[in-house]
1. Within region 94-115, can one find any residue that is of a type in the set (S, T, N, Q) and in contact with a Gly (Cβ under 9 Å, 6 or more places away or on another chain)?
2. What do you reckon, is ASP151 closer than 20 Å to SER24 by Cβ, surrounded by fewer than 14 Cβ atoms within 10 Å (Cβ to Cβ) and either free of Cβ contacts under 8 Å to residues at least 24 places away in the same chain or of a type in the set (D, E, K, R) (or both)?
3. Could you tell me whether LEU119 is at pLDDT below 95 and either outside any loop (DSSP other than H, G, I, E, B) or buried (at least 23 other Cβ atoms within 10 Å of the Cβ) (or both)?
4. State the number of residues belonging to region 73-90 that are assigned to a helix (DSSP H, G or I) and either touching a residue at least 12 places away in the same chain (Cβ under 8 Å) or buried (at least 17 other Cβ atoms within 10 Å of the Cβ) (or both).
5. So, of the residues in region 91-111 that are under 16 Å from the mean Cα position of the chain (by Cα) and outside any strand (DSSP E or B), which turns out to be surrounded by the most Cβ atoms within 10 Å (Cβ to Cβ)?
6. Taking MET39 as the residue in question, decide whether it is under 25 Å from SER139 (Cβ atoms), open to solvent by less than 70 Å² (accessible area, probe 1.4 Å) and at pLDDT 90 or above.
Amino acid sequence: MDITKSLSKKQLQILAFPNSNYDSLICDGSVRSGKTSIMSVAFVIWAMRDFDKRNFAICSKTVGTALKNVIKPLLAMTYMQKKFNIKSRSGGSEITIQGFGHTNTFYCYGGQDARSYMLIQGITLAGVLLDEVALMPRSFVEQAIARCSVDGRKLWFNCNPESQYHWFYQEWILNCEAHNALHLHFVMDDNTS
């Protein structure tokens, strides 16, 4: 099953990101421009291909939004169902995926307020996907990044446009090179579906 046939150039760049020398991927832009769904698939494929018996995090403003915006659409994809054996626990906030001869665990976290960073403390991650990163407190995002300490780790960020004064815009989008990050700005034409 070839998932690349109907993808836009920028969506293909998301799929290619794990094979690049970049440490981070930032996708921003229009709502419904096709960034979240392909980013979720690419994140899981990368994790399952490159790691075994590791932990990963999928973060959003709340666990509920992570489940609604990332996990449920991901689990509903025919491609994912055919390629991987996926089991969820804890109401869907802990997912074990088997495939490519590997087994990894994906945890959902919510970065809702300044105290949320405590939820993610203590875990060692090989990668993190931060969905709608501009809605999360800086302390939570920085703690999630700090938890990624495994060799080969990568950081995945997506967000919709925020103020040019927002800390994530200032620190990450304007300073991509300092973070060795690939920045892709999406518009509606980048979503072929």
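The values are calculated or read from the model by the stated rules, or taken from the named source; none is laboratory data. This one's a predicted model, so the numbers in the text were calculated from it and none came from an experiment. All Cβ positions, glycine included, derive from the backbone under ideal geometry; neighbour counts span all protein chains shown. Areas reflect the complete protein model, heavy atoms only, side chains present, ligands, DNA and RNA absent. Shrake-Rupley method; radii C 1.70, N 1.55, O 1.52, S 1.80 Å.
1. no
2. yes
3. Criteria met by LEU119.
4. 8
5. Selected residue: GLY111.
6. yes
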